[in-house]
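Engineer: Starting off with a structure, shown below.
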Amino acid sequence: MRTHSFGPAARPVAAIGQGTWESDRGDRAAAVAALRRGLDLGMTHVDTAEMYGEAEPLVAEAVAGRRDEVFLVSKVLPSNASRKGTVAACERSLARLKTDRLDAYLLHWRGSHPLAETIAAFEALREAGKILSWGVSNFDVDDLDEALAVAGEGRIACNQVLYHLQERAIEHAVAPWCEAHGVAVVGYTPFGRGAFPKPGSPAGRALQEVADARGASPRQVVLAFLTRRPSLFAIPKASNAEHAAENAGAGALQLTDAEIGRLDAAFPVGPKPRSLPML
């Protein structure tokens with residue numbers, strides 16, 4: 001599994017990790033098995049959130065006895081992100097995850113609480129050893145500028161954002177901003193939400209042809225493309241162990257410049273939207 005440097009601390013973290021949004025809505029045993037299979041194959045970057053219902057207890061079950069292998073991430077809801085509320089939310093997540101620390105703790109999206117309060121809580125949690133780093137999610141450049149003004153350089157570990165082949169809005173300004181400031185870019189929903197390229201479409205055919213040439217699946221090629229730069233990470237969800245193994249297979253796949261160029265042409269970035277897309 002390829003690793004990339006994560007945030008200012010430059011920790012080596014699996015470029016392809018495991019998301020858990022809605023993992024609690026199906027077969028729990030299969031979801032736990034998928035996470036464990038992913039860990040076996042090097043996808044040790046595991047992302048969850050307090051918003052994800054029973055996902056945190058599910059993750060706790062999956063990583064039991066293996067916590068030290070895992071780069072564990074959770075997120076605080078904006079409605080809980082006051083100074084005291086953030087600390088309390090983190091404590092609840094730690095209890096549900098059955099761990100004494102998070103490797104990264106994120107603000108899920110901008111809310112009504114001042115960023116200064118949330119960041120002060122993050123720093124207090126970091127100093128207490130409850131979290132090792134903190135970051136943000138769904139932040140556009142103006143939000144990132146504000147967070148940087150409050151926290152200063154070298155504090156924001158990552159920005160978790162919507163990123164897939166047919167939604168590349170972050171490449172206009174967000175990804176360059178993050179690269180300039182040493183902030184990891186973690187792409188969620190890397191296969192789209194019901195929008196994976198259709199095999200019969202011109203773009204889908206280009207994707208399939210790259211996959212065939214490399215002896216890989218289209219999903220593996222997608223993950224390789226979305227993690228093609230050292231600042232980029234992806235956190236696909238797997239509903240079963242076989243799907244997790246397929247995702248992990250992208251960890252050793254590095255596309256050539258020609259392959260990247262072909263996919264770039266097949267799935268153009270498109271015009272810059274007025275606001276950053278998010279789910």
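The values are calculated or read from the model by the stated rules, or taken from the named source; none is laboratory data. Just so it is clear, the model here is predicted, and its values are computed rather than measured. Cβ sites come from the backbone with ideal geometry, for glycine too, and all protein chains shown count toward neighbours.
Engineer: What is the residue count in the range 38-52 for residues that are among the hydrophobic types (A, V, I, L, M, F, W, C), under 14 Å from the mean Cα position of the chain (by Cα) and in a loop (DSSP other than H, G, I, E, B)?
Structural biologist: Residues that pass the stated criteria total 2.
Engineer: Residue 184 - would you say it is of a type outside the set (Lys, Arg) and farther than 27 Å from residue 121 by Cβ?
Structural biologist: In short, no.
Engineer: Another question about this same structure. Report yes if residue 261 is out of contact with any helix residue (DSSP H, G or I) (no Cβ under 9 Å at 6 or more places or on another chain) and more than 21 Å from residue 168 (Cα to Cα), otherwise no.
Structural biologist: Here the answer is no, as residue 261 does not meet what is asked.
Engineer: Return yes when residue 229 is under 21 Å from residue 269 (Cβ atoms), surrounded by fewer than 17 Cβ atoms within 10 Å (Cβ to Cβ), within 17 Å of the chain's Cα centre (by Cα) and modelled with pLDDT of 95 or more and no when it is not.
Structural biologist: Criteria met by residue 229.
Engineer: In the range 123-152, which residue that is of a type in the set (A, V, I, L, M, F, W, C) and farther than 29 Å from residue 274 by Cβ is surrounded by the most Cβ atoms within 10 Å (Cβ to Cβ)?
Structural biologist: So the residue we want is 131.
Engineer: Could you check, for the range 192-211, whether at least one of its residues is over 19 Å from residue 277 (Cα atoms), buried (at least 22 other Cβ atoms within 10 Å of the Cβ), hydrophobic (A, V, I, L, M, F, W, C) and touching a Gly at 6+ places or on another chain (Cβ under 6 Å)?
Structural biologist: no
Engineer: Tell me, which strands (runs of 3 or more DSSP E) lie completely within the range 111-206 with 3 or more residues that are hydrophobic (A, V, I, L, M, F, W, C)? Give the derivation first.
Structural biologist: Working: elements: 134-137, 156-162, 184-188.
So the answer is 156-162, 184-188.
Engineer: With the checklist (1) under 16 Å from the mean Cα position of the chain (by Cα); (2) within 22 Å of residue 10 (Cα to Cα) in hand, flag the one item residue 177 doesn't pass.
Structural biologist: (1)
Engineer: Would a scan of the range 61-71 turn up a residue that is buried (at least 24 other Cβ atoms within 10 Å of the Cβ), in a loop (DSSP other than H, G, I, E, B) and of a type in the set (Gly, Ala, Ser)?
Structural biologist: no
Engineer: While we're on this one: So which of 98, 75 ends up being buried (at least 19 other Cβ atoms within 10 Å of the Cβ) and either charged (D, E, K, R) or touching a Ser or Thr at 6+ places or on another chain (Cβ under 7 Å) (or both)?
Structural biologist: 75
Engineer: How many residues does the range 16-60 contain that are touching a Gly at 6+ places or on another chain (Cβ under 7 Å) and either within 22 Å of residue 158 (Cβ to Cβ) or buried (at least 18 other Cβ atoms within 10 Å of the Cβ) (or both)?
Structural biologist: Total meeting the criteria: 7.
Engineer: From (1) in contact (Cβ under 8 Å) with a residue 24 or more places away in the chain; (2) of a type in the set (Asp, Glu); (3) part of a helix (DSSP H, G or I), pick out the condition that doesn't hold for residue 100.
Structural biologist: The number of the failed condition is (3).
Engineer: I need the full set of residues from the range 65-119 which are in contact with an Asp or Glu (Cβ under 6 Å, 6 or more places away or on another chain), hydroxyl-bearing (Ser, Thr, Tyr) and farther than 25 Å from residue 140 by Cα, in order please.
Structural biologist: The one that is in contact with an Asp or Glu (Cβ under 6 Å, 6 or more places away or on another chain), hydroxyl-bearing (Ser, Thr, Tyr) and farther than 25 Å from residue 140 by Cα: 93.
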